[in-house]
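First up is the structure itself, then whatever we jot down about it.
The values are calculated or read from the model by the stated rules, or taken from the named source; none is laboratory data. Just so it is clear, the model here is predicted, and its values are computed rather than measured. Please note: Cβ atoms are built from the backbone with ideal geometry, for glycine as well, and neighbour counts cover all protein chains shown. The accessibility values were calculated without ligands, DNA or RNA, using every heavy atom of the protein model including side chains. Shrake-Rupley method; radii C 1.70, N 1.55, O 1.52, S 1.80 Å.
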Amino acid sequence: MKFGIGWREEVLTEINQQVENIDVIEIMADQYMFDLRKKVEILKKFLPKKDIIFHCVSLSIGSSEIELDYLYELKRLVDIFDPLIISDHIGITRYKSYDTGIACPVSYNSKTLKIFEANIRKFQKIIGKPLLLENISCPLKMLDEEFSEAEFIAKLYQVTGVNILLDVTNLYINSKNHNFDYREWLEKIPISSVRQLHLAGGNEVEGKLWDSHCCAVAKDNWSVYEMAINLFSQIEFVIVERDNRYETFYESINDVFTARDILLKQR
């Protein structure tokens, strides 16, 4: 299992200082696409010589039509950096001409499964790299669905073979906000489906937890992480995410160490 950090230019010095303690770097691909292409040279200059994986936020795999322009631009970046895997979210960021900017939930039904299946085929044909899909945090509970979220993820894996990026923090947040048992959720996911984990720190606003990527991983999240690494047999990558409050970025580096230490104690 390889442990790493999400690459952010705001803390490139701090990341490079800890490079010997990091196995893999996760690049937010959208930050280097389209009109942001000039940033690629900065990335090529400062990126450590480590294994690379890509994380995307605008693939919108759940949209009725995946954008080919986005796929071809992503392919350009893939050809430059040759990531081991690419991930995005089980959700949509585009509806017709609207761009939400964040992953929004899809309806968990058979029709959506067929949309995912078609879009994953297009992705694989153009990109030619393994795709992982991540469970999202959702402030609203979906009603009158054909499947639960966990059932939908299991069927998605069974139908398409796409592996799962299990976001430990998102699962914990949803379990608390919507009052369900994350253990039961995890037990519905096929043990061979999860290939990567995400960890991040969140915060509480008016009694609700939010996946804000702003601080250290919360203590209770580590219990979910420990269960995941014992339950799923194919995990290859564990990434700690951070997107603000970079003045305490050392917390996220420490979380990488903690994640590795927990695994070592299980072996």
| remark: To the nearest 0.05, the calculated FRET efficiency linking L84 and K208 through their beta-carbon distance, R0 being 35 Å, is 0.50
| said: Can you divide the C-alpha Rg of the chain by 2.2 N^0.38 Å and report the result to two decimal places? | reply: 0.96
| query | Looking at G6, Q266, L68, which one has the Cα that reaches farthest to the positive end of the dipole of the chain (charges on Cβ: Lys, Arg +1; Asp, Glu -1)? | reply | L68
| said: List the residues, sorted by chain then number, that are 5 or more residues from Y95 or on another chain and whose placed amide H is less than 5 Å from its amide H. | reply: T100
| query | Got a sec? Charge dipole of the chain, +1 on Cβ for Lys and Arg, -1 for Asp and Glu; which of S252, H213, L59 is way out at the positive end? | reply | L59
| 222 nm [θ] for the chain, helices only, -39500 (n - 2.57) per DSSP H run of 4+, per residue, to 500? | -11500 deg cm²/dmol
| the chain, accessible surface, carbon-and-sulfur percent (1.4 angstrom probe) | 49 percent
| Projected area averaged over orientations for region 218-267, convex hull of C-alpha atoms, nm² | 3.8 nm²
| remark: For K219, the lysines lying under 21 Å Cα to Cα, once residues fewer than eight places off in the same chain are dropped, come out as K176, K208, K265
| request: Excluding residues on the same chain fewer than 8 positions from K49, give the aspartates and glutamates whose Cα lies under 14 Å from its Cα. | output: E20, D23, E26, D82
| field | Net length gained if the chain between K39 and Y250 were fully extended (0.36 nm per residue, minus Cα distance) | value | 73.5 nm
| request: Taking 7 Å along the Cα-to-C-beta vector as the label spot, tell me the R76-R183 distance in nanometres, rounded to one decimal. | output: 5.0 nm
| Of the peptides 57-66, 238-247, 71-80, how do they stack up when ordered by the mean number of other Cβ atoms within 10 Å, highest first? | 57-66, 238-247, 71-80
| How much accessible area per residue does the chain have, in Å², with a 1.4 Å probe? | 48 Å²
| request: Please work out the Cα center distance from region 87-107 to region 143-163, rounded to the nearest Å. | output: 17 Å
| note | Under a 1.4 Å probe, counting only protein heavy atoms, E10 has an accessible area in Å², nearest 10, of 120 Å²
